[in-house]
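Reading through the structure tokens given below for one structure.
The values are calculated or read from the model by the stated rules, or taken from the named source; none is laboratory data. These numbers were taken from a predicted model, which means no experiment stands behind them. Here the Cβ positions follow ideal geometry from the backbone for every residue, glycine too, while neighbour counts run over all protein chains shown.
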Amino acid sequence: MSVFLSYHKITSRIDFGICTRKPNDFEQDVAYIASLPKLIQPTITFDDGYIDTYTEAFPILSKYGLKATLFVISDMIGKSNSWDANFFGSFKHITQSQLRELSDYGWVIGSHTKSHRSLKRLSPNQLQEELCSSKHCLENITGKPVDFISFPFGRYSPQVIEFCKGAGYKRALSIAQESPDGFVQRSLAVYRFDSIKQIKAKLSNQQFEMLRLRAINSFSNLTVVMHQLTTYSTS
Ligand SMILES: [Zn+2]
């Protein structure tokens with residue numbers, strides 16, 4: 001079974017988010033991964049679809065002969081990150097033509113939903129919309145089937161899995177946990193402050209690193225609450 005390492009932003013810009021990784025650190029990770037035997041190399045994935053996946057990560061991965069999987073928020077293609085803007089300004093998302101180029105080059109393009117809401121709390125209609133419209137949008141851009149999804153904040157429920165299967169998805173990723181039926185696999189998030197030692201610990205499934213990832217992920221649940229509060233107070 002594949003192991004997935006999950007990245008978000010790759011940039012040297014100042015950003016307080018723990019999911020931002022500097023290009024130099026990322027290159028060290030990639031050099032290490034490329035040095036592993038093919039059979040045990042993890043799959044590198046990117047959530048959110050920031051433009052730096054194309055401008056920073058793509059050249060580094062290509063230099064080492066690796067490809068990746070990119071999960072895109074379909075509503076944000078070609079736009080700035082109003083959904084996740086912070087004190088340090090906004091960050092741009094990948095454009096349609098860049099997305100097509102990555103897909104043509106052999107990257108796998110998956111959905112990270114339509115608007116990055118936590119899927120657990122949505123009505124059936126909203127859930128359907130998040131899953132189906134992102135899938136169709138990405139299929140139109142790439143001309144290929146999109147059957148892989150990564151859940152925002154890693155959150156899902158049995159109902160979410162059922163709706164994913166109904167929408168035509170074949171597999172899913174969560175940074176929180178896998179599902180008993182194997183439909184959802186867990187991906188291992190890589191954070192700003194991770195060292196190569198920690199990357200190795202993630203890959204060898206070391207218990208302390210797993211507990212640490214769980215603790216960080218429970219903080220990300222706070223982010224979901226903050227997003228919901230902001231949405232309610234501005235809508
Ligand atoms: Zn995300």
Going through segment 158-176 in order, the residues found to be surrounded by fewer than 19 Cβ atoms within 10 Å (Cβ to Cβ) and either in a strand (DSSP E or B) or in contact (Cβ under 8 Å) with a residue 40 or more places away in the chain (or both) are Arg171
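Residues are listed down the side, and each one gets a yes or a no for (1) at pLDDT 95 or above; (2) within 16 Å of the ligand (Cβ to nearest atom); (3) more than 19 Å from Ser187 (Cα to Cα):
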residue: Val108; (1), (2), (3): yes, no, no
residue: Ser111; (1), (2), (3): yes, yes, no
residue: Lys114; (1), (2), (3): yes, yes, yes
residue: Leu119; (1), (2), (3): yes, yes, no
residue: Glu162; (1), (2), (3): yes, no, yes
Scan (1) of a type outside the set (Ser, Thr, Tyr); (2) at pLDDT 95 or above; (3) at positive phi for the single condition Gly89 breaks and write down its number. (2)
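Go through segment 138-153 and give me each residue that's more than 9 Å from the ligand (Cβ to nearest atom) and in contact (Cβ under 8 Å) with a residue 60 or more places away in the chain.
Here is the first cut: in segment 138-153, the residues more than 9 Å from the ligand (Cβ to nearest atom) are 138-149.
Listed by number, the residues that qualify are Leu138, Ile141, Phe148, Ile149.
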